[in-house]
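Colleague: Before anything else, here's the structure in question.
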Ligand code: THG
């Protein structure tokens, strides 16, 4: 299955059979308070620097999240989207729990964005599916609903099915729904990773949709996060993860390695190319 996203210039194909697409996570105030403080001062240098760095390091799509306590992201999110699209042509993934902020961002965005995110709650489906339809956006569907988060992979699968059904009924194509099986901290729940891997396998085999997740969630609260993230990334890609939200500075090499090992990088062209760029 292929999901097409578009930026102000560039088109990105996310193909369940093709190489993994990286959604850069770094435009996010988690651990980067400087992001919101500079944006609020109308200083765009830092957000542009984060965007350029991620694209140079292998991001195909940029996640954009400017949510922070006390910030009006219905104003700040569209402004950030505008600045990014005036300077870069890659597709954007609009990340906010606030439907008003997502709508405001979609109104100013060019191309075909990814909405991050919709979930199985009635309130979420009713607010966001009509917006996706109106603006021709793709959506990320999180495997949680009005009953919260389940630890049963079969139940997460049925929430994914429900989101896809409701999206189709709202006039959105099945391939424009990218499923997020939910990755949670293994420090808080020893089975968190296994539940996610099994959900990825089920969604990939039974529904065939593209799959994303926040790849660094798994290692919250632990030392040596990079080793954990790398092990998780490799196992997730083998099971069907096709477009992780990750820090390209740390994860592009692992993603290229996984693509090569899984026969999606003939003659190791992309792997070697990334290695050589790192040497420059
Ligand atoms: N699913 C979906 N969207 C998501 C998530 C998800 N969006 C947000 C988040 N999870 C993914 N994005 C991030 C962004 C930053 C960090 C983790 C996940 C992060 N930042 C560092 C820290 O807090 O220490 C600081 C920056 C750094 O050094 O890299 O960890 O699950 N659909």
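Values quoted throughout were computed directly from the atomic coordinates according to the rules given, and no laboratory measurement underlies them. All of these numbers come straight from a predicted model, not from anything done at the bench. Note that each Cβ is placed from the backbone with ideal geometry, even for glycine, and that neighbours are counted across all protein chains shown.
Colleague: Based solely on its DSSP helices, what 222 nm [θ] is calculated for the chain when runs of n ≥ 4 H residues each add -39,500 (n - 2.57) and the sum is averaged over all residues, nearest 500 deg cm²/dmol?
Modeller: Helix-only estimate at 222 nm: -14500 deg cm²/dmol.
Colleague: Calculated FRET efficiency, residue 123 and residue 152, Cβ-Cβ r, R0 22 Å, to nearest 0.05?
Modeller: 0.45
Colleague: Another question, if that's okay. Note down the relative contact order for region 172-280 as a percent, whole number, built from C-alpha pairs under 8 angstrom at least six residues apart.
Modeller: 23
Colleague: So how far, in whole Å, is the C-alpha centre of region 118-197 from the one of region 1-46?
Modeller: 20
Colleague: Using the Cα gyration tensor of region 209-280, with a ≥ b ≥ c the square roots of its eigenvalues, what is the shape: rounded (a/c below 1.5), prolate (a/b larger than b/c) or oblate (neither)?
Modeller: It comes out oblate by the Cα gyration axes.
Colleague: What residue among 262, 76, 131 has the largest mean-square fluctuation in a Gaussian network model of the chain, using Cα springs under 10 Å?
Modeller: Among 262, 76, 131, the largest mean-square fluctuation in the Gaussian network model of the chain belongs to 262.
Colleague: I would also like to ask the following. Would you kindly state how much longer the chain becomes between residue 277 and residue 4 on full extension, computed as 0.36 nm times their sequence separation minus their alpha carbon distance, in nm to one decimal?
Modeller: 95.6 nm
Colleague: What distance in nm separates the simple spin-label points at residue 249 and residue 269, each placed 7 Å from Cα in the Cβ direction?
Modeller: Going by the 7 Å Cα→Cβ label model, 3.0 nm.
Colleague: Looking only at Cα atoms, what is the convex hull volume of region 1-87 per residue, in Å³?
Modeller: Residue-normalised Cα hull volume stands at 108 Å³.
Colleague: Okay, moving on. Which whole-number percent gives the relative contact order of region 141-225, counting Cα pairs below 8 Å spaced six or more residues apart?
Modeller: Reported relative contact order: 32 percent.
Colleague: Just want to confirm a number: the relative contact order over region 62-193, from Cα pairs under 8 angstrom separated by 6+ residues, in percent.
Modeller: 18
Colleague: Rounded, prolate or oblate: pick one for region 77-234, where a ≥ b ≥ c are the square roots of the eigenvalues of its C-alpha gyration tensor, a/c under 1.5 means rounded, and failing that, prolate if a/b is larger than b/c, else oblate.
Modeller: oblate
Colleague: What order do you get for 43-51, 104-112 when each peptide is scored by the mean count of other beta carbon atoms within 10 Å, highest first?
Modeller: With the highest mean Cβ count within 10 Å placed first, the list reads 104-112, 43-51.
Colleague: Also, I was wondering about something else. Once R0 is set to 51 Å, what does the formula 1/(1 + (r/R0)^6) return for the Cβ-Cβ distance between residue 205 and residue 32, expressed as a FRET efficiency to the nearest 0.05?
Modeller: Efficiency, rounded to the nearest 0.05: 0.85.
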